[in-house]
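Report on one structure; see the data block that follows.
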């Protein structure tokens, strides 16, 4: 694998030293010990090729991750976290753009709440899977080059997208250009400083061929500042679904399954008894997950940004 960057210093914070994590023979990350940023050891051209390949494999086929439904008790937890955040920060009837709406559950909620919503989706397949009422509101194409009006959005949401894109700086700069002054940006992405990654190392659920980068809170904030945003809030929520996914990945490892080809394989529709067990496990794990989040070790980073007025 070719590495086209300064191999002595982090390309985000300028610090170091750098180390490498070999996930498997064809997947290696360069890790900055100063800021925690992890980037696949690929040249810029190879990153774009990897992005296109991941889009084709994971999102443009008939069976994509977005079609795998994990238990509502797990996935609903993350959705509710997003809803609480938007309720806190957004005014009624705000114009909100969601990048990569996936299954469309959050976009559907915003639509039903009276927000003016629109979206950009790279995959025609995923756009076609959205509820009928949303399809006409979603532009198909690459977000960074999609024909969208500048300075018109009250907010831009990018949830678990930035880790996939070849040029995250261009991603953030484009979002800034689309928002009004004082407009908001909401970013969520896997956390390189999570307990899952610290404990599991190269077997972390965050290391994937589709993830060109895994950010720490520090490295993501640095990038957002460089793109022109003001960082107003950073949290690291600890969702119980991350532990479920960790267990699922462990099972796939024990069975010797291909990690990319079997991603999402153990999503399931649980029985009533299993739903009760999941709810009990979520309740019992609350103190641990609260400490995990408080210590910056939650499975994802959620960052709230503001478009500066000057």
Exercise for the section: Please determine, by comparing only the residues of the range 103-114 that are surrounded by fewer than 22 Cβ atoms within 10 Å (Cβ to Cβ) and in contact with a helix residue (DSSP H, G or I) (Cβ under 8 Å, 6 or more places away or on another chain), which one is modelled with the lowest pLDDT. Expected result: 103
Practice task
Go through the residues of the range 283-296 one by one and say whether even a single one is within 17 Å of the chain's Cα centre (by Cα), modelled with pLDDT of 85 or more and within 18 Å of residue 38 (Cβ to Cβ).
Solution key: yes
Practice task
Please determine, by comparing only the residues of the range 121-140 that are touching a strand residue (DSSP E or B) at 6+ places or on another chain (Cβ under 7 Å) and part of a loop (DSSP other than H, G, I, E, B), which one is modelled with the lowest pLDDT.
Solution key: 130
Problem - Members of the range 10-54 found to be under 19 Å from the mean Cα position of the chain (by Cα), more than 15 Å from residue 204 (Cα to Cα) and part of a loop (DSSP other than H, G, I, E, B), listed by number - result: 12, 35
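Let's see how each residue does on (1) surrounded by fewer than 23 Cβ atoms within 10 Å (Cβ to Cβ); (2) in contact (Cβ under 8 Å) with a residue 40 or more places away in the chain; (3) in contact with a strand residue (DSSP E or B) (Cβ under 7 Å, 6 or more places away or on another chain); (4) within 16 Å of residue 48 (Cβ to Cβ):
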residue: 164; (1), (2), (3), (4): yes, yes, no, yes
residue: 168; (1), (2), (3), (4): no, yes, yes, yes
residue: 172; (1), (2), (3), (4): no, yes, no, no
residue: 175; (1), (2), (3), (4): no, yes, yes, no
residue: 179; (1), (2), (3), (4): no, yes, yes, no
residue: 185; (1), (2), (3), (4): no, yes, yes, no
residue: 189; (1), (2), (3), (4): no, yes, yes, no
residue: 192; (1), (2), (3), (4): no, yes, yes, no
residue: 198; (1), (2), (3), (4): yes, yes, no, no
Completion exercise
Of the residues in the range 262-276, those that are modelled with pLDDT under 65 and surrounded by 12 or more Cβ atoms within 10 Å (Cβ to Cβ) come to 262, 263, 264, 265, 266, 267, 268, 270
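Here is a yes/no grid of residues against (1) surrounded by 13 or more Cβ atoms within 10 Å (Cβ to Cβ); (2) farther than 30 Å from residue 275 by Cβ; (3) at pLDDT below 95:
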{"residue": "6", "(1), (2), (3)": "no, yes, yes"}
{"residue": "9", "(1), (2), (3)": "yes, yes, yes"}
{"residue": "22", "(1), (2), (3)": "no, yes, yes"}
{"residue": "26", "(1), (2), (3)": "no, yes, yes"}
{"residue": "62", "(1), (2), (3)": "no, no, yes"}
{"residue": "76", "(1), (2), (3)": "yes, no, yes"}
Completion exercise
Restricting attention to the range 223-246, the residues that are more than 16 Å from residue 194 (Cα to Cα) and either surrounded by 20 or more Cβ atoms within 10 Å (Cβ to Cβ) or free of Cβ contacts under 8 Å to residues at least 24 places away in the same chain (or both) number exactly 4
Completion exercise
Out of (1) modelled with pLDDT under 95; (2) out of contact with any helix residue (DSSP H, G or I) (no Cβ under 6 Å at 6 or more places or on another chain); (3) farther than 23 Å from residue 139 by Cα, the one residue 52 does not meet is (3)
Handout entry: residue 200 being part of a helix (DSSP H, G or I) and at pLDDT 95 or above
Key = no
Practice task
Could you tell me which numbered condition residue 32 fails, if it satisfies all but one of (1) modelled with pLDDT of 70 or more; (2) under 17 Å from residue 164 (Cα atoms); (3) crowded, with 19+ Cβ neighbours inside 10 Å?
Solution key: (2)
Practice task
Kindly indicate whether any position in the range 211-231 is modelled with pLDDT of 95 or more, within 25 Å of residue 295 (Cα to Cα), assigned to a strand (DSSP E or B) and out of contact with any helix residue (DSSP H, G or I) (no Cβ under 8 Å at 6 or more places or on another chain).
Solution key: yes
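Determine which member of the set 259, 279 is in contact with a helix residue (DSSP H, G or I) (Cβ under 9 Å, 6 or more places away or on another chain), at pLDDT below 95 and either surrounded by fewer than 13 Cβ atoms within 10 Å (Cβ to Cβ) or in a helix (DSSP H, G or I) (or both). First the steps, then the outcome.
Working: 259 fails: either surrounded by fewer than 13 Cβ atoms within 10 Å (Cβ to Cβ) or in a helix (DSSP H, G or I) (or both).
One residue alone meets the criteria, 279.
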Practice task
Go through the range 141-162 and give me each residue that's in contact (Cβ under 8 Å) with a residue 12 or more places away in the chain and assigned to a loop (DSSP other than H, G, I, E, B).
Solution key: 141, 142, 146, 148, 149, 150, 151, 152, 160, 161, 162
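The values are calculated or read from the model by the stated rules, or taken from the named source; none is laboratory data. Note that the structure is predicted; figures quoted are calculated from it, not measured. Glycine gets a Cβ as well: all are built from the backbone with ideal geometry, and neighbour counts include every protein chain shown.
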